[in-house]
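Since every read-out is calculated from the coordinates, none of them should be taken as a lab result. Remember, predicted model here, so these are calculated numbers, not experimental data. Cβ sites come from the backbone with ideal geometry, for glycine too, and all protein chains shown count toward neighbours.
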Amino acid sequence: MPAANAAGLVFNQAAKVLLAVVFVGNKCGAYIGKKTGALVSLAAQGRIVVEH
């Protein structure tokens, strides 16, 4: 049984790390998304101005 316990502990640690990575990734993604969204909207406005 010790092997199973060790595997369980490793799995739990991996799950915690994965959750942390996903959490940080979402935070970074939201930040990058805001920045990119602002740039895209500016570019779109620029194109509209150029077209007209």
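Once both labels are positioned 7 Å from their Cα atoms along Cα-to-Cβ, the gap between V40 and F11 label points is 3.9 nm. Report which label in (i) 74, 13, 5; (ii) 63, 29, 16; (iii) 52, 22, 16 holds the value of Cα extents along the principal axes in Å derived from the coordinates of this structure. Correct label is (i). The angle separating the long axis of helix 2-51 from the principal Cα axis of greatest extent in the chain is about 0 degrees.
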